[in-house]
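Data first, discussion second: the structure below is written as C-alpha cells.
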Amino acid sequence: MNPIDLLLTNAIVLTMDEQMHHYEPGAVAVKGDRIAAAGLEKDLRKQFDAQEIIDCGGAVLMPGFVNAHTHVPMTLLRGLADDLRLDVWLMGYMMPVERKFVSPDFVRLGTFLACAEMIRSGVTCFADMYYFEEDIAKATAEAGMRAVCSQTVLKFPTPDAQSFEESLAAAREFIQRWKGHPLIVPSVAPHAPYTCTEEILRATAELAVEFDVPLHTHLAETALEVENMRRDQGMPVIPYVKKQGLLDAKVLAAHCVHIDEGEMRSLLHAQAGVAHNPSSNLKLASGIAPV
Ligand SMILES: [Zn+2]
C-alpha cells in the first residue's frame, strides 16, 4: 500500500478533467502539497495507506474556483460610494480616498479579509491588481491561496508611487523577487488606456514580455471610454492598445463590455484572456458584456 498523508472520502468528486470524470462515492488522496490520486473511494482505499482520513459527508469535492479579476484590499472600501458611474466613482471617490488611506497595513488587512471570504466561497486562486502589490502577495501566500498579483502603473500619483517611473521600477523589482514562487505569479498592471499614456502601455507590455509574466488591465469597460477613444485616437479601444504593443504580452483584460466582433477576433488572435465582471458592470451601470 502506498503511504499518503490524507485521504478525503465519502465525497462527490468532480475532477473537471478533459473527460469530466466524476466519482461517487469518490475519494482524493493527498501527499505533501500534491493530489496523488482521485477516484472511486473503494479503489483508493485499497491503494493508499493514509495517515489521516476525513469523511466529507457526501459533499462535492472539486477544484477551487478562480476569481479572474480582483482588487482585494478594496474589501475595506465597500459601500463607500454607490449608484455612481465609473468615472465619477473612480476619479471622484476611490482614487482620492486611496491616496489618503491606502498603505501596506491597509492592503494586508484587506487582503486577509478578501482571502477569508474567497476561501469560504470555494475560491482558491485570483488575479489581483492594486497598489503595494508585494504586501498583497505576502498576505495571500500567508493565507495559503494562489494568485496572479499585478502591480498597478498609471499616469497619476498613486498611494505607492509619485510617478509612473517609480511604479514601473517597483513592478520590475516585484517581478524579479517573486517569479517562480509556488503560490504567486507576479505581474504588471497598466490600469487602463484612459489612466495610462502610450509610453506607459508600451513600457509595461515590454516589461511583461521581458519576464514572460501576465499583463493585467481594464479594457473597454464603458461606452464613454470607447467614445473618448474614438474621438481622440480615431479608433476603438482594442486596436489602440494593440498599436501600443499591449497584445504582445499575455494579456488578462477585465470587462471588455463595449467591443465589436473585430475586436473580439483581435483578442482571440492574441490569445488574450477576458475577465467577465457582471456584478461590477451592474453596480456601475457600465453595460452587459457580449459573452
Ligand atoms: Zn477592476
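The values are calculated or read from the model by the stated rules, or taken from the named source; none is laboratory data. Remember, predicted model here, so these are calculated numbers, not experimental data. Using ideal geometry, Cβ is built from the backbone for each residue, glycine included, and neighbour counts are taken over all protein chains shown.
Some notes on this structure:
- Residue pairs meeting the criteria (Cβ under 6 Å; at least 6 apart or on separate chains; first touching a residue at least 12 places away in the same chain (Cβ under 8 Å) and farther than 26 Å from residue 141 by Cβ, in the stretch 69-96; second away from the ligand (no atom under 14 Å from the Cβ) and among the hydrophobic types (A, V, I, L, M, F, W, C)): 89/81; 93/81
- Test result for residue 72, within 16 Å of the ligand (Cβ to nearest atom), within 22 Å of residue 282 (Cβ to Cβ) and in contact with a Lys or Arg (Cβ under 9 Å, 6 or more places away or on another chain): no
- Contacts under 6 angstrom Cβ, first residue in the stretch 18-32 being closer than 17 Å to residue 47 by Cα, partner among the polar types (S, T, N, Q), 6 or more apart: 25/10; 27/9
- Residue within the stretch 278-290 that is of a type in the set (Lys, Arg), within 13 Å of the ligand (Cβ to nearest atom) and farther than 26 Å from residue 163 by Cβ present: yes
- A single entry from 45, 99, 85, 78 fulfils the requirement of being within 16 Å of the ligand (Cβ to nearest atom), of a type outside the set (A, V, I, L, M), over 29 Å from residue 181 (Cα atoms) and touching a Ser or Thr at 6+ places or on another chain (Cβ under 9 Å): 85.
- Of the residues in the stretch 249-256, not one is assigned to a helix (DSSP H, G or I), among the charged types (D, E, K, R) and in the same structural domain as residue 152 (by TED's automatic domain parsing).
- Subset of the stretch 1-60 (residues that are part of a strand (DSSP E or B) and out of contact with any strand residue (DSSP E or B) (no Cβ under 7 Å at 6 or more places or on another chain)): 34
- Lone qualifier among 112, 156, 126 - being hydrophobic (A, V, I, L, M, F, W, C), modelled with pLDDT under 95 and either farther than 16 Å from residue 74 by Cβ or out of contact with any Pro (no Cβ under 6 Å at 6 or more places or on another chain) (or both): 156
- Residues being over 18 Å from residue 229 (Cα atoms) and crowded, with 21+ Cβ neighbours inside 10 Å - total across the stretch 244-274: 5
- Condition met for residue 209 (in contact with a helix residue (DSSP H, G or I) (Cβ under 6 Å, 6 or more places away or on another chain), assigned by TED's automatic domain parsing to the domain that holds residue 110 and assigned to a helix (DSSP H, G or I)): yes
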